[in-house]
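Heads up: the structure comes next, in structure tokens.
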Amino acid sequence: MINYWLMKSEPSCFSIDDLKKKKRDAWSGVRNYQARNFMRDDMRVGDKVLFYHSSCNVPAVVGIAKVCKTAHPDNSALDPKDEHFDPKHKIEKPIWFCVDVEFVSKFKEPVTLDMIKFNPKLKDIMVTERGSRLSIQPVSEKHYVEILKMSTQKAF
């Protein structure tokens, strides 16, 4: 069974264009237990991802990706020079995990948070909830498909 996700990234840190250039990369640096648990326990190869730019002038879904490798320890937590370093994370007993994602496509036009908020078919999507700051969120298939329609992209 395919799951659907919305994954947030600040474009100044890692953008859809960065993923497009790299083709695939580890979704590392997540330091929220609920988001970590989604990656560790629920994400599977082939799951579909809405790539969302957050903490920017116009927050928006900007493209799609897919999970291409299941959860593995997040090595950024081991590097004292990395901003995501955590001295409690050990090789033999990791705390933080990540999945690898693969670029699928970039939207011709972003689907902005305001567009999502004003679409009645998306009224109960988590990203519009007040105070919703979770960087990884489950999305229903119907919400995923609706956002693709809004972007004029075809589902993959």
F85 more than 22 Å from D42 (Cα to Cα) and either buried (at least 17 other Cβ atoms within 10 Å of the Cβ) or over 15 Å from the mean Cα position of the chain (by Cα) (or both): yes
Selection within segment 116-133 - surrounded by fewer than 17 Cβ atoms within 10 Å (Cβ to Cβ) and either of a type outside the set (S, T, Y) or modelled with pLDDT of 95 or more (or both): K117, F118, P120, K121, K123, D124, M126, E129, R130, G131, R133
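Counting only residues that are more than 14 Å from S135 (Cβ to Cβ), out of contact with any Asp or Glu (no Cβ under 7 Å at 6 or more places or on another chain) and not aliphatic (A, V, I, L, M), give me the strands (runs of 3 or more DSSP E) lying completely in segment 1-100 with at least 3 of them. I'd like the intermediate steps shown before the answer.
Working: elements: 4-9, 24-26, 48-53, 60-73.
Answer list for segment 1-100: 60-73.
The values are calculated or read from the model by the stated rules, or taken from the named source; none is laboratory data. This one's a predicted model, so the numbers in the text were calculated from it and none came from an experiment. So basically every Cβ, Gly included, is an ideal-geometry build from the backbone, and we count neighbours across all protein chains shown.
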